[in-house]
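Novice: Have a look at this one.
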Amino acid sequence: MPTKRLLVVVGPTGSGKTDLSIRLALHYAAPILSTDSRQVYRGMPIGTAQPSAGQLQTVEHHFIASHDLKDNLSCGEYEVQALARLEQLFTTHDYVVAVGGSGLYVRALCEGMDDLPQADESLRAELNRRLTDEGIESLAAQLRELDPVYYETVDRSNPARVVRALEVCLQTGRPYSEQRTGERRPRPFEIVKIGIDLPREELYDRIDRRVDQMLADGLEAEARALYPYRALNALQTVGYREFFDYFDGRIGYDEAVELIKRNSRRYAKRQLTWFRRDSEIRWFAPDDDAAIIAHIDSK
């Protein structure tokens, strides 16, 4: 029986992951499974840079606009659902391409997540209300009191991680850090990880140009339509947060645009820092298809 292979494409925002995943999927006659924690939601195609209608027609995609904004798909829930989908896909395909820049979703898919409690919806709603009213600093300060160990390592500019860690502390009465084992779970398929690498100046230029294209495509109108749901976890995202502040009168339009570009570049830097820690990732230029395919086929 042929070995089943999951081809995992990672890299920073704006680096060309989607285009590469399409080319790999066509080469290996494979479907695509998204590992993007925002593209999974409906109603936000521009701000999350979901694949275009043409790309979705060209290759079969999964976990793109598949969930409602209110679903709040945690990493643990994603792991369960994505593995179930992979089991189905591998019955008819030898390869599946997984693509996205959400490090925790990639980890959940490839290694598994710790058995943490599912979200308490009322508690999550309260924490998100506090996030909107008081800002991330208030929640981070409480996390520091309840779990000083995790506080020192968490990306405190990432509201979703702060909220989730605080939520677990409050639900269980134990520090979040004590409940993270980091044990790797076996997978019934081979995993080949491909990372996209670009010179920083080129990456930042691509990010700026992509933001300009998002604005031309209607990002402001999309954000305005999502504004009533701004407290939801899915919308604590670069591109929407800045426009929400603009709608609230806290900043001007030009400042919102500059902040989206700046925060997108900062997010890309954090993504690279995360993925660089994974020694299993082999790095390539985004258009070096021949070398990438040769690497995959050599495994």
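The values are calculated or read from the model by the stated rules, or taken from the named source; none is laboratory data. None of these values were measured; they are calculated from a predicted model. Please note: Cβ atoms are built from the backbone with ideal geometry, for glycine as well, and neighbour counts cover all protein chains shown.
Novice: Which one of A98, A108, A165 is surrounded by 13 or more Cβ atoms within 10 Å (Cβ to Cβ) and outside the structural domain of S279 (by TED's automatic domain parsing)?
Specialist: From the options A98, A108, A165, the qualifying one is A165.
Novice: If R276 satisfies all but one of (1) at pLDDT below 95; (2) surrounded by 14 or more Cβ atoms within 10 Å (Cβ to Cβ); (3) over 30 Å from A223 (Cβ atoms), what's the number of the condition it fails?
Specialist: Here R276 meets the rest and fails (2).
Novice: Determine whether E137 is modelled with pLDDT of 90 or more and in the same structural domain as S52 (by TED's automatic domain parsing). Break it down into steps so the answer makes sense when it comes.
Specialist: Values: modelled with pLDDT of 90 or more: yes; in the same structural domain as S52 (by TED's automatic domain parsing): no.
No; evaluated as a whole, the condition is false for this residue.
Novice: With respect to R184, is the statement that it is more than 19 Å from R270 (Cβ to Cβ), in a loop (DSSP other than H, G, I, E, B) and either assigned by TED's automatic domain parsing to the domain that holds S102 or not hydrophobic (A, V, I, L, M, F, W, C) (or both) true?
Specialist: yes
Novice: I'd like the full set of residues that are of a type in the set (G, A, S) and under 19 Å from the mean Cα position of the chain (by Cα), limited to the stretch 124-165.
Specialist: Result: S157, A160, A165.
Novice: If we scan the stretch 74-81, do we find a residue that is of a type in the set (D, E, K, R) and touching a helix residue (DSSP H, G or I) at 6+ places or on another chain (Cβ under 9 Å)?
Specialist: yes
Novice: Right, next: Looking only at the stretch 26-43, how many residues end up being under 18 Å from V106 (Cβ atoms) and touching a helix residue (DSSP H, G or I) at 6+ places or on another chain (Cβ under 8 Å)? Working first, answer last.
Specialist: First, the residues of the stretch 26-43 that are under 18 Å from V106 (Cβ atoms): 30-41.
Narrowing further to those that are touching a helix residue (DSSP H, G or I) at 6+ places or on another chain (Cβ under 8 Å): 30-33, 35-38, 40-41.
Looking only at that region, the number is 10.
Every residue, every condition in (1) of a type in the set (D, E); (2) closer than 30 Å to K4 by Cβ, yes or no:
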{"residue": "R144", "(1), (2)": "no, no"}
{"residue": "P148", "(1), (2)": "no, no"}
{"residue": "T153", "(1), (2)": "no, no"}
{"residue": "P159", "(1), (2)": "no, no"}
{"residue": "L166", "(1), (2)": "no, no"}
{"residue": "R174", "(1), (2)": "no, no"}
{"residue": "R187", "(1), (2)": "no, yes"}
{"residue": "D205", "(1), (2)": "yes, no"}
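Novice: While we're looking at this one, here's another question. I'd like to know if the stretch 70-85 contains one or more residues that are assigned by TED's automatic domain parsing to the domain that holds R23, among the acidic types (D, E) and in a loop (DSSP other than H, G, I, E, B).
Specialist: Going through the stretch 70-85, the residues assigned by TED's automatic domain parsing to the domain that holds R23 turn out to be 70-85.
Those still in the list that are among the acidic types (D, E) too: 71, 77, 79.
Narrowing the set further to residues that are in a loop (DSSP other than H, G, I, E, B) leaves none.
No; the residues of the stretch 70-85 include none that is assigned by TED's automatic domain parsing to the domain that holds R23, among the acidic types (D, E) and in a loop (DSSP other than H, G, I, E, B).
Novice: Which of (1) out of contact with any Leu (no Cβ under 8 Å at 6 or more places or on another chain); (2) assigned to a loop (DSSP other than H, G, I, E, B); (3) crowded, with 16+ Cβ neighbours inside 10 Å is the odd one out, the single condition T91 does not satisfy?
Specialist: (3)
Novice: Would you tally the residues in the stretch 211-251 being more than 27 Å from G16 (Cα to Cα) and in contact (Cβ under 8 Å) with a residue 60 or more places away in the chain?
Specialist: The qualifying residues number 5.
Novice: Any residue at all in the stretch 75-83 that is touching a strand residue (DSSP E or B) at 6+ places or on another chain (Cβ under 7 Å), surrounded by 18 or more Cβ atoms within 10 Å (Cβ to Cβ) and modelled with pLDDT of 95 or more?
Specialist: Yes, the stretch 75-83 contains a residue that is touching a strand residue (DSSP E or B) at 6+ places or on another chain (Cβ under 7 Å), surrounded by 18 or more Cβ atoms within 10 Å (Cβ to Cβ) and modelled with pLDDT of 95 or more.
Novice: Shifting gears a bit: Can you tell me which residue within the stretch 163-215, out of those that are among the aliphatic types (A, V, I, L, M) and in contact with a strand residue (DSSP E or B) (Cβ under 6 Å, 6 or more places away or on another chain), is nearest to S52 (Cα to Cα)?
Specialist: Top of the filtered list is I194.
Novice: Name the residue, out of L219, L203, L235, L215, that is hydrophobic (A, V, I, L, M, F, W, C), assigned by TED's automatic domain parsing to the domain that holds G11 and under 23 Å from A125 (Cβ atoms).
Specialist: On the way: L219 fails: under 23 Å from A125 (Cβ atoms); L203 fails: under 23 Å from A125 (Cβ atoms); L215 fails: under 23 Å from A125 (Cβ atoms).
Criteria check complete, one pass: L235.
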